[in-house]
Each structure stands twice: as structure tokens, then as C-alpha cells.
Amino acid sequence: MNHENSRRKRNALNAAFLLFNIFMIALLPLATACGNKEEKPAPPSSASAPASDEKKQPEDKGDFKVVSTPVKKAEYTELEKELRESKLLETIAADLNDTIALPFDILISFDECNEVNAFYDPEKRQISMCLELIEDLHDVFQKKTKSEDEAVEATINAMIFVFFHELGHALIHALELPITGKEEDAVDQLSTFILADGTDEGETAALDGAESFLSDEEQMGDLPFWDEHSLGPQRFYNIVCWVYGQNPDKYEPLVDQGVLPDDRAARCQDEYKQLANSWSRLLAPYLK
């Protein structure tokens, strides 16, 4: 990549995160939907309901808190500066603190990680979104999209999906939530559940998150069957299935165009209802 292309790429990513800031502010209230997606019966009138029937407020001993570390590589200096000045993480933390009661503080940061990754560290109690991942996702979507604007938008969407995925890991640890099966699949479910909220923006973010797991470069012998994550194509079909299951009429084109096979599509509505019910019940005691 020549210097001019590199400069344009960096400018595109900087611009993307100004949009990412706005987009995340719009999406964060969706976290509260974990307890509100299914219709609930009307509460009893105050005349007939004893005071003891009132919902007990969760005990809140912690907060989401932003931390920052200086970057070492010059190529990330401008991006880190844009992120810091946007106050993106502070906005995320404030909205989450209004939504979820925690037993202890959880840190959130953008970091230079020396690897393409995002992760929750239970020892540090910290969600780290790696600058290298931002760059890698942009490279991925440049190959999959027709224009730079489309690549930037898809990068933003995939990062949103990844953030809610890592938030899921943090909540499972902090709230000691019971999970059977692969935790990685469970937090993919949570991220999809939060984003597949009936809005085009949220659902597109989930679908772009799914698309980021497909790679033309993987060969059968290179696939990490041993890994705690499901394989990239499996994660893709899971997320697409759940988005479809949330609104089959709207996303019937996914089946018609062969993106989602008929055999899987037939079960997706039930799969979505199951994950929605599970995550709603798991998080309900901790929602403010």
C-alpha cells in the first residue's frame, strides 16, 4: 500500500469513529431492551398489591470506568487521539452505568494490543478494544465492499457487534451468570439480541458483525477446531439465523438469495425466541 492510500485509509478510519461515536450513543439504550423485548403483564394496582411485591432494586457496588494508555506506534497516534477526544468510552460507560448494576468496577479501554483482538480480562476486570482490530476489520471490508464509504460503515458496525460481545463476557464474569455450552456462542447471542431490536441500523450492525467472521483465506487444514470459538462460518450462520428468526418476514431475502439455507431457516424463529428468553431472564435481576 503506497503512502497516499495509507493516508486515505487512516483518514477514513478517523472519520469512521466520529460516526461510530454518534452511532453508539444511539445504540446503547438498546442494552435496556434485554428486559423489555417481550410483552409483560401490567403490574397490579397499588390498591391491591402489597409493598413486598415491588421489584427489588439490584445492589450496585461498581461502575464501568474508562482507562487509557499511551500508544507506542506512531501509526496509531492520530486514531487514539480522535478516540480520546470524542469521549466515546465515557459515553458508553455512562449509559451502561444507568442500565446495569455491578458488584465491582469494570474498566473499558481502547488499547494497542500487538495483536488483532478484543477481549475481556477477568483478572484486570477490563474490556479492551484493540486498535489493531479496527485496522484489520477495515482491511477485511475493503475487500468485501464496493466503495470506501461502505467499508467504513461495515467496520463501524462490526466494531459495535464486537463491543457487545465482549460486554457479554464481562457480565458473565461479574454477575456470575450460568452458561451452558460455549461461552463464546452465548455472548454472540447477547450481542445479536441487543442489536436485532427491530431497527435497520441495529440489525445491519449484527449482519456486518457476522460477515466479519467469513474469510476467503482459511483452508480446511488451518481451521482451529480446538478453539473455544466456533469456526468463523459457523458464527456467521448463527448470527444470520438469529437476525432472521427475530423477523422472518423482513429477512426472507436472506433465504431466497441462498445466504441462509432453508434447513436452518426453519428453526431460526425458535432459536431466537429461546436466546431472547434466556438472556432476558439472566439479566433482568441486574437491570436498573
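The values are calculated or read from the model by the stated rules, or taken from the named source; none is laboratory data. This one's a predicted model, so the numbers in the text were calculated from it and none came from an experiment. We place every Cβ from the backbone using ideal geometry, glycine too, and count neighbours over all the protein chains shown.
Before moving on, here are some points about what is shown:
- Just one residue in the set 239, 194 is modelled with pLDDT of 95 or more and not in a loop (DSSP other than H, G, I, E, B); that residue is 239.
- Cβ-Cβ contacts under 6 Å between residues 6 or more apart (or on different chains), taken from a first residue in the range 151-175 that is farther than 20 Å from residue 111 by Cα to a second residue that is charged (D, E, K, R) and buried (at least 23 other Cβ atoms within 10 Å of the Cβ), are listed as 154/208.
- The residues listed here are 83, 18; of these, the one that is crowded, with 16+ Cβ neighbours inside 10 Å and either within 28 Å of residue 175 (Cβ to Cβ) or at pLDDT below 85 (or both) is 83.
- Restricting the range 63-82 to residues that are outside any loop (DSSP other than H, G, I, E, B) and not hydrophobic (A, V, I, L, M, F, W, C) leaves a set whose member that is nearest to the chain's Cα centre (by Cα) is 65.
- Test: residue 170 is within 23 Å of residue 99 (Cα to Cα), in a helix (DSSP H, G or I) and over 17 Å from the mean Cα position of the chain (by Cα): no
- Every condition in (1) within 21 Å of residue 286 (Cβ to Cβ); (2) at pLDDT below 90; (3) buried (at least 22 other Cβ atoms within 10 Å of the Cβ) is met by residue 108 except one, and the failing one is (2).
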